[in-house]
Structure formats: C-alpha cells, structure tokens
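Everything below concerns the one structure shown next.
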Amino acid sequence: MKKGSKCSRHDLQILQILNIPALVPDRKFIKLVVWQKPAQGWFKLNTDGSSLGNPGSSGMGAVLQGLKACKDLGIDFVEIELDSQVVISWWNRRRCGVWYLEDFWEETLAFMDSMVCIVRHVYREGTKVVDWLARSGATGLNSEWRLLRDVPRLLRGLIRLDILGLPSLRCC
C-alpha cells in the first residue's frame, strides 16, 4: 500500500488478518505565510534564484546585486530572506562548496562582512514578488519601473498583497 493512501476500516482488518502493515497517511496542515516588514532602521533584501529548466537560464546573482545596491545607497543593516535552505546552510558554514560559484560567493561574503546582515529562510510563498522578478529575469525581461502604475499588473497585485499583509497558504 502506498504511503498516504486512504483505506477503509474493512480494508485495515483484512490487512491485519494477512499480517500486512498498513501505513498511516501523513497528516497535512496549512501554514499561513506572510511577508513581514523589517524592523525600524533595517532594510529587507528578499531574493529568489530562479532556474528555468535544468540547467536552463537562471536568475542567479540576486543576493550579490542586492548587497551592492544596499552598499551604494549607504544601507548598513540588511535582513536577507531567501527560500533556499541550501544557500542558508552555505551562510551558516560560510562556504558554498560549489567550485564554479566560489568567486561569486567570496565577493558576496565580503559585502556581507562590510554590513550588519541577518540571513533568514522564508517559504517560497513569502517571496512571491521576487519569485516573479527572478522568473521574468530568467526569461529575458530586463525592465526598470519608476512608478507603481508602470509595473506589470500581476507584479503590482503581488506587491499590494504584501503591503496589505495578506497571507499565502502553504500546505505542509
């Protein structure tokens, strides 16, 4: 019997008589995921490295570009949120271990060491805006918008959901 399958009481009795273990389905629960504003005096850098296909084109480099922009703007207190547990583990070890990313990684660490940075994991449902931007960047969109009204409608809607603090649902 497949894990997570449902069976009736009668089926369970038959399995018991035949001495076949029945797997109990995993319980699923819903988690509310909300984008949180940074603390007073801090700025938030939400990032998402989109990869379309494997290896495919990629929207990588968001963390480094974001840190460079923060430095250029004189921002010294930065919360970095991303949806990759792998990258979070790299920060915790201060080593990425992927040979072709080492130069990029060392430059990123140098920027982080020149600021006060906190790195946190966030579920992908909490990074809807940057996910949209990363996917668009990976498909070739390279735009700059100065006014909210010029932003594409879907992206504008995602931004409004974050501003309003409306949660997304995550099935766990």
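Laid out as a table, the results:
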| item | result |
| --- | --- |
| Condition met for THR127 (β-branched (Val, Ile, Thr) and either assigned to a loop (DSSP other than H, G, I, E, B) or under 12 Å from the mean Cα position of the chain (by Cα) (or both)) | yes |
| Candidates SER57, SER84, SER51, SER89 - the one that is polar (S, T, N, Q) and at pLDDT 85 or above | SER89 |
| Any hit, segment 98-113, residues being within 15 Å of the chain's Cα centre (by Cα), under 21 Å from GLY41 (Cα atoms) and at pLDDT 90 or above | no |
| Filter result (under 21 Å from LEU133 (Cα atoms) and in contact with a helix residue (DSSP H, G or I) (Cβ under 9 Å, 6 or more places away or on another chain)) within segment 85-113 | VAL87, PHE104, THR108 |
| Top-ranked residue in segment 24-48 [being among the polar types (S, T, N, Q) and surrounded by fewer than 16 Cβ atoms within 10 Å (Cβ to Cβ); ranked as modelled with the lowest pLDDT] | GLN36 |
| Leading residue by the ranking (farthest from LEU158 (Cα to Cα)) among those in segment 77-116 that are in contact with an Asp or Glu (Cβ under 8 Å, 6 or more places away or on another chain) and buried (at least 18 other Cβ atoms within 10 Å of the Cβ) | CYS96 |
| Test: residue in segment 63-84 that is assigned to a helix (DSSP H, G or I) and farther than 22 Å from GLY41 by Cα | no |
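The values are calculated or read from the model by the stated rules, or taken from the named source; none is laboratory data. Note that the structure is a prediction, hence the values are computed from the model and not measured. Positions of Cβ are backbone-derived with ideal geometry, glycine not excepted, and every protein chain shown enters the neighbour counts.
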